[in-house]
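Below: the structure, in structure tokens.
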Amino acid sequence: MTTPTHHRRKTRIAAVVTGATLVAGAFMAAPAAAAPPRAVDPFDPDLGPNVTVYSPDTPVDQIEAELDALADQQRDAEMSSVRRAVYFLPGQYGTADNPLQFDVGYYTEVAGLGASPTDVDINGSIEVYNRCLTADNCIALVNFWRTISNLSLQVNSLDDDGCRASANFWAVSQAVSMRRLDISGANLSLMDYCTAGPQFASGGFIADSRLPFVVSGSQQQWLTRNSEVAGWSNGVWNQVFSGVVGAPDDAGFPDPPYTTIDETPLSREKPYLYVDDEGRYNVRVPEAQSDTRGVSWADGMTAGRSIPITDFFIAKPGDSVKDINNALARGQHLLLTPGVYDIAQTIDVKRADTVVLGIGHATLTAVGGAVPLEVKDAAGIVIAGVTIDAGTELSPVLLRVGKAKGGKPLGAANPITLSDVYFRVGGPHIGKTTTALEVNSDNVLIDHTWVWRGDHGIEGFDPTDGVNGDNERWATNTGTNGVIVNGDNVTATGLFVEHFQKYNTLWKGENGRVILYQNELPYDPPTQADWTQPDGTLGYPGYVVDAKVKNHRLDGAGVYVFNQNNPSIITANGFSVPETPGVQLHHIMTVNLSAGTIQHVVNGVGGQADNTNTGAPQYLVDYPAP
């Protein structure tokens with residue numbers, strides 16, 4: 001599909017892009033001996049060719065020309081291997097008369113390098129618009145994989161027709177995070193209402209941000225966590241607020257479809273790069289917090305610890321896993337610079353309090369059936385900003401947290417944390433895994449993940465072999481389970497899991513707590529027999545709590561059906577949970593997107609979602625009913 005190039009709203013002098021070279025690479029063979037520790041310049045660390053750092057001295061025209069060129073390159077690059085990070089040193093960028101305006105495309109991270117979001121002040125706009133498939137069909141349903149964080153934005157759009165000046169537009173869907181932002185000057189719109197067409201969007205996630213009035217519009221689901229909002233309008237199916245000052249009341253659920261939790265039971269903000277007053281680079285690692293609301297930086301620097309960049313092994317595509325593992329064993333932390341890394345052996349994270357931070361949507365791709373990443377049972381390990389892809393040979397799991405069949409109990413005060421960790425099975429190439437994410441340790445925090453078995457892509461299927469493309473995808477692009485949680489006291493804030501061939505989410509641990517769950521069942525089962533459990537149950541629920549579990553809580557969740565390959569397929573229940581007072585589901589729903597049937601919301605209760613009520617959710621306020 002092709003989208004017309006978006007023209008900036010100001011006239012700019014054409015400029016040659018002078019930022020980082022747009023390349024991505026793969027792992028080379030491991031050397032015979034481990035490389036010695038690398039020297040890292042604390043004032044000017046080598047972050048590789050895919051990172052651009054701007055200073056307030058850089059002319060606005062130059063920044064905008066370069067970032068417009070990057071956005072044009074990445075606007076339709078959904079399945080590309082390019083990964084980019086763009087950073088702004090502390091200071092002011094743009095003015096009322098000459099604002100800095102740019103768009104953010106696929107696999108691009110934009111962030112400030114201040115200790116606080118207010119240290120980087122941008123007057124202008126940082127936006128994502130719909131992709132127009134045709135002139136009158138503009139949607140944001142596949143606007144994935146992009147990040148904005150740690151800056152202040154005074155919204156100021158110079159606009160020829162008026163519509164674009166009404167808001168800063170962030171029309172996105174899954175694997176897109178907004179963190180540590182201070183936005184003012186105009187509304188924030190999570191849909192693009194200035195283009196023609198249905199304007200659908202399916203996001204998304206905001207955390208630790210101070211926001212103006214937010215227009216949710218056509219967003220199907222959204223989680224806003226530990227933030228401040230001046231107001232909120234609209235909502236399609238599932239708008240969830242946790243620890244948000246100014247959040248709307250949810251007493252009228254499902255009209256409007258709001259779920260409001262006064263305090264977030266467990267949170268830890270994502271680590272971030274920053275430059276201190278002397279100009280040295282550091283990574284700030286926020287501490288875990290319980291029962292919180294509002295932003296973490298309201299009264300000064302976010303509570304936590306700072307790690308000098310010199311304590312990190314700064315990896316680039318081409319480095320060996322052996323060298324990475326040796327660096328981790330020496331006690332170094334790991335920073336993955338932007339690129340695609342082919343991983344033929346496991347990266348092992350063993351030491352307590354180790355930080356693995358990916359920037360620019362760094363991507364680990366399994367090779368030869370490897371498990372790309374394992375986290376041992378050690379308190380305080382943080383994995384953030386990493387995408388993990390299945391490879392063409394079957395991997396048993398893509399990320400394992402804790403020892404299989406018996407994770408070690410860990411304390412609640414310093415949980416293992418996954419922040420903006422994304423999974424993909426298929427899309428740019430065929431992918432195969434049995435399970436994407438397996439959590440065995442206790443006291444783990446999952447703060448925003450998208451676990452996706454691709455429903456579309458360029459996997460290399462043969463369009464001339466006479467085989468239905470979806471049937472071929474079902475047989476070759478294989479992902480059995482999305483998320484399996486065996487550990488106790490696991491919390492997930494923002495759990496998005498889609499299209500797996502059996503269990504999208506299977507929760508076996510006690511005292512699980514999930515805030516916002518979104519699921520689409522697989523689009524492509526060829527027959528009902530392919531989508532029937534061994535005991536004869538029709539289909540696999542999108543969210544399953546094991547029959548032995550005694551305590552579990554889920555707030556704000558939806559399971560969607562779109563059996564486009566065979567609309568006659570039936571799924572008995574969207575959710576399946578044990579019948580016990582300690583297992584509680586609050587504000588849940590199912591919906592038919594246009595094909596297929598879910599007979600009940602949960603355990604035989606709730607209305608049927610089918611093509612007689614397409615787009616009309618079947619809601620339950622509470623299960624079991626009070």
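Worth a mention:
- Tally of residues being touching a strand residue (DSSP E or B) at 6+ places or on another chain (Cβ under 7 Å) and buried (at least 22 other Cβ atoms within 10 Å of the Cβ) across the range 467-483: 5
- Residues located in the range 582-626, provided they are touching a Lys or Arg at 6+ places or on another chain (Cβ under 8 Å), of a type in the set (V, I, T) and either exposed (fewer than 15 other Cβ atoms within 10 Å of the Cβ) or more than 25 Å from A547 (Cα to Cα) (or both): none
- Strands (runs of 3 or more DSSP E) fully within the range 510-626 that include at least 1 residues being closer than 29 Å to A207 by Cα, of a type outside the set (F, W, Y) and in contact (Cβ under 8 Å) with a residue 60 or more places away in the chain: 512-520, 552-562, 583-595, 618-623.
- In the range 40-87, the residues that are assigned to a helix (DSSP H, G or I), farther than 28 Å from A390 by Cα and aliphatic (A, V, I, L, M): V60, I63, A65, L67, A69
- Residue that is surrounded by the most Cβ atoms within 10 Å (Cβ to Cβ) [pool: residues in the range 116-175 that are touching a helix residue (DSSP H, G or I) at 6+ places or on another chain (Cβ under 6 Å) and at pLDDT 95 or above]: N150
- Within the range 88-116, restricting attention to residues that are part of a loop (DSSP other than H, G, I, E, B) and hydrophobic (A, V, I, L, M, F, W, C), the residue that is farthest from W452 (Cα to Cα) is A96.
- Within the range 238-251, the only residue that satisfies the criterion of being assigned to a loop (DSSP other than H, G, I, E, B) and modelled with pLDDT under 95 is A251.
- Evaluation of L133 against (1) in contact (Cβ under 8 Å) with a residue 40 or more places away in the chain; (2) more than 24 Å from H361 (Cα to Cα); (3) part of a loop (DSSP other than H, G, I, E, B) (one fails), failing number: (3)
- Candidates A186, A165, A171: the one that is more than 20 Å from N98 (Cβ to Cβ) and in contact (Cβ under 8 Å) with a residue 12 or more places away in the chain is A171.
- Selection from the range 565-575 of residues that are within 21 Å of L506 (Cβ to Cβ), crowded, with 21+ Cβ neighbours inside 10 Å and not β-branched (V, I, T): N573, G574, F575
Condition check ((1) on the phi > 0 side of the Ramachandran plot; (2) among the polar types (S, T, N, Q)) across all residues:
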{"position": "L181", "(1), (2)": "no, no"}
{"position": "Y193", "(1), (2)": "no, no"}
{"position": "G197", "(1), (2)": "yes, no"}
{"position": "A201", "(1), (2)": "no, no"}
{"position": "S216", "(1), (2)": "no, yes"}
{"position": "R225", "(1), (2)": "no, no"}
{"position": "A230", "(1), (2)": "no, no"}
{"position": "N234", "(1), (2)": "yes, yes"}
{"position": "P257", "(1), (2)": "no, no"}
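- Residues (surrounded by fewer than 22 Cβ atoms within 10 Å (Cβ to Cβ) and under 27 Å from the mean Cα position of the chain (by Cα)) located in the range 521-543: none
- Filtered residues of the range 426-454 (kept if among the small types (G, A, S) and closer than 19 Å to G509 by Cα): A436, S441
- Selection within the range 579-613 - over 26 Å from the mean Cα position of the chain (by Cα) and closer than 19 Å to D524 by Cβ: A595, G596, T597, I598, A609, D610, N611
- Failed item, numbered, when T464 is tested on (1) at pLDDT below 95; (2) surrounded by 24 or more Cβ atoms within 10 Å (Cβ to Cβ); (3) of a type in the set (S, T, Y): (2)
- Inter-residue pairs, beta-carbon under 7 Å, first in a loop (DSSP other than H, G, I, E, B) and in the range 452-476, second among the aliphatic types (A, V, I, L, M), 6+ apart: G454/V425; G457/M79; I458/M79; E459/I430; G460/I430
- Put simply, of Q518, Q618, Q528 the only residue that is touching a Phe, Trp or Tyr at 6+ places or on another chain (Cβ under 6 Å), of a type in the set (S, T, N, Q) and on the phi < 0 side of the Ramachandran plot is Q518.
- Taking first residues from the range 210-239 that are farther than 21 Å from L266 by Cβ and of a type in the set (D, E, K, R) and partners that are in a strand (DSSP E or B) and modelled with pLDDT of 95 or more, the Cβ contacts under 6 Å between residues at least 6 apart in sequence or on separate chains come to R210/D182; R210/E228.
The values are calculated or read from the model by the stated rules, or taken from the named source; none is laboratory data. Everything numeric in this text was worked out from a predicted model, so none of it was measured. Cβ: placed from backbone, ideal geometry, glycine included. Neighbour counts: every protein chain shown.
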